[in-house]
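K.L.:
Take this structure first; my questions come after.
The values are calculated or read from the model by the stated rules, or taken from the named source; none is laboratory data. Fair warning: this is a prediction, and the values are worked out from it, not measured in the lab. With ligands, DNA and RNA removed, areas are computed over all heavy atoms of the protein, side chains included. Shrake-Rupley method; radii C 1.70, N 1.55, O 1.52, S 1.80 Å.
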Amino acid sequence: MSRDQLIGALILVGSLAGIVIYGYLMFLTPYSFLLLQITAFAAIAGVLGIMAWIGYTLATTPPPKPIEEIEKELEEELKKLEKEVKEKEA
């Protein structure tokens, strides 16, 4: 068995164990309401955390250059290269 297959098997077993433990805590113990509260909090915190990260990334990333400015720079570089080629040929 390769290392990737071993990791996959461990993830599979861990996930199934998590399902069984969650089901046990949910239906066979008096902690079901607390478990629901923790689960709901974790889910909402995860979604809002991802949204906060996206917002931070958008707020702190500088805007890209306009296409017109990029085209102008490319034209200038092309003219420089053409001039260098002509000078080498002469």
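K.L.:
Taking P(r) over Cα pairs in 5 Å bins from 0, in percent as the quantity of interest, determine which of [x] 3, 13, 22, 27, 20, 10, 4, 1; [y] 2, 10, 7, 8, 8, 9, 8, 8, 6, 5, 6, 6, 5, 4, 3, 2, 1, 0, 0; [z] 3, 14, 28, 29, 17, 8, 1 was computed from the displayed structure.
P.N.:
It is the value labelled [y].
K.L.:
Rounded to whole Hz and in sequence order, give me ³J(HN,Hα) for the stretch 62-72 from the Karplus expression 6.51 cos²θ - 1.76 cosθ + 1.60, θ = phi - 60°, writing x for Gly and Pro.
P.N.:
For the stretch 62-72, the Karplus curve yields x, x, x, 5, x, 4, 4, 5, 5, 4, 5 Hz.
K.L.:
When the accessible area of the chain is computed with all protein chains present and a 1.4 Å probe, what percentage of it is carbon and sulfur? Could you put the intermediate results ahead of the total?
P.N.:
Details: 6060 of 8430 Å².
Carbon and sulfur together cover 72 percent of it.
K.L.:
Would you mind working out the accessible area per residue for the chain, using a 1.4 Å probe, and quoting it in Å²? Before the final figure, lay out each step's value.
P.N.:
Numbers: 8430 Å² over 90 residues.
Accessible area per residue: 94 Å².
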